[in-house]
Amino acid sequence: MSSPPAITIATRESRLALWQARHVQSLLEARGHAVTLLGMTTLGDQILDRTLSKVGGKGLFVKELEHALADGRADIAVHSLKDVPMELPQGFALVCVMEREDPRDAWVSPHAAGLADLPRGAVVGTSSLRRVVLLREALATLGRADVRIEPLRGNLDTRLRKLDEGQYQGIVLAAAGLKRLGLGDRIRAVFEPTQSLPAAGQGALGIEVRADRADLIEALRPLAHQATWLRVAAERAVSRAMGGSCSMPLAAHAEWVGERLWLRTAWGEPEGATTLVRAEDTASVASLDEAEALGARVAAALRAAGAHAPHGEA
């Protein structure tokens, strides 16, 4: 028998991205592969003075990694799935979705146990339009028009540093990233999906390869977690049907209830009304096609209720 292929992993150089790449590296090495890492700084890591929705979206985090796959410097790229565009460039494929970590949003604050406890005039930081509209609705419900929501960019350590320096009284981050880096003790509270519905793919890792690398597709098959893959396929189908844009304030989260998949979504206006549009549905799902069909139905219900792509987008 031939030996397992050597594999080079393209990864961003943030501490969280490197943890994710090393996690995949250890799993592949346990299966006999020789694995090396190719660290890269992406455009999304370099542009920190503007929100992602204004500079090209989360795809900025993956383009350089795809270039490394295309020219043969790397074999696979490990991504936080919520950063992966809904449509990949021709010749690339998402061939493995791994078991999901905690998909929920986390509240991090040295000052307040929750939104209701924030001091007057507090500033809350987030990098996500989805979290902006969810926070706006929650703050409006609490009657906290005094609280400001401000952009928060940078890697996880940078965001925590800005909080600790007092630039914000509280910030909202993905629980998964904090837990993966051993920073779970920074979490003051976790938002349940009924309070803050997660983003499509949040907490899950995806592996991208060139579509013609059948050897890698086979090698990665044992790392896939089908139950997670079906969940995120439904979630990503909603985002794809709604336009798949980083400038889309959209939440989509699927959970298993017995053998049925329960998909909930929420959409909000970045400016204007604080009330969110919501849609949900359940289905018996056993294949990616069935998961995506569920997502398409829920997206249609969202549109029927008034959700729409950002102005100027399809």
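The values are calculated or read from the model by the stated rules, or taken from the named source; none is laboratory data. Fair warning: this is a prediction, and the values are worked out from it, not measured in the lab. Reconstructed Cβ throughout: ideal geometry from the backbone, glycine too, with neighbour counts over all protein chains shown. Accessible surface areas use protein heavy atoms only, side chains included; no ligands, DNA or RNA. Shrake-Rupley method; radii C 1.70, N 1.55, O 1.52, S 1.80 Å.
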Treat every Asp and Glu Cβ in the chain as -1 and every Lys and Arg Cβ as +1, leave all other atoms uncharged, and give the resulting dipole magnitude about the Cα centre to the nearest 20 debye.
580
Can you give me the convex hull volume of the Cα atoms of the stretch 194-267, divided per residue and expressed in Å³?
113
What distance in nm separates the simple spin-label points at R22 and E150, each placed 7 Å from Cα in the Cβ direction?
3.3
Only bridges with both residues in the chain count here: give the DSSP antiparallel percent, nearest 5.
70
Largest to smallest accessible area among D185, D146 [probe 1.4 Å]
D185, D146
From the convex hull of the Cα coordinates of the stretch 117-269, what is the mean projected area in square nanometres?
11.4
Quick one: Karplus J couplings for the stretch 73-85, per residue in order, coefficients 6.51, -1.76, 1.60, θ = phi - 60°, nearest Hz, x for Gly and Pro?
6, 9, 9, 9, 10, 9, 10, 5, 5, 5, 8, 8, x
Taking the simple approach of a point 7 Å from Cα along Cα-to-Cβ for both L38 and A273, what is their distance in nm?
4.8
Tell me the net charge near G306. Cut-off is 11 Å between Cβ atoms, G306 excluded, with +1 for each Lys or Arg and -1 for each Asp or Glu.
+1
Sites Q167 and D117 - FRET efficiency at Förster radius 22 Å, r taken between beta-carbons, to 0.05
0.75
Before I look further, what does the stretch 66-211 give for accessible area per residue, probe 1.4 Å, in whole square angstrom?
38
What do the square roots of 5 times the Cα gyration tensor eigenvalues come to for the stretch 180-231, in whole Å, largest first, as semi-axes of the equivalent ellipsoid?
31, 14, 9
Pairwise label distance in nanometres, A286 with A70, each label 7 Å out on the Cα-Cβ vector:
4.0
Sorted by accessible surface (1.4 Å probe, heavy atoms of the protein chains only), largest first, D75, D289, D281 come out as D289, D281, D75
Per q in 0.10, 0.13, 0.14 Å⁻¹, report the Debye log10 I(q)/I(0) for the chain, using one uniform scatterer on each alpha carbon and no solvent.
-0.56, -0.95, -1.11
Could you give the size of the charge dipole of the stretch 175-314 about its Cα centre, using +1 on the Cβ of each K and R and -1 on the Cβ of each D and E, expressed in debye and rounded to the nearest 20?
300
Roughly how tilted is helix 226-241, in degrees to the nearest 10 and between 0 and 90, from the longest Cα axis of the chain?
60
Cβ-Cβ cut-off under 12 Å around W256, Lys and Arg +1, Asp and Glu -1: the net charge is +1
Ellipticity estimate at 222 nm from DSSP helix runs (n ≥ 4, -39,500 (n - 2.57)) divided over the chain, nearest 500:
-9000 deg cm²/dmol
Gain in length, A189 to A6, computed as 0.36 nm per residue apart minus the alpha-carbon separation, to one decimal in nm?
61.7 nm
Using a 1.4 Å probe over the heavy atoms of the protein chains, calculate the carbon and sulfur portion of the accessible area of the chain as a whole percent.
51
Taking all protein chains together and a probe of 1.4 Å, list K162, K179, K82 from the most accessible to the least accessible.
K179, K82, K162
Just for the Cα atoms in the stretch 225-288, what are the lengths along the principal axes, largest first, rounded to whole Å?
39, 20, 16
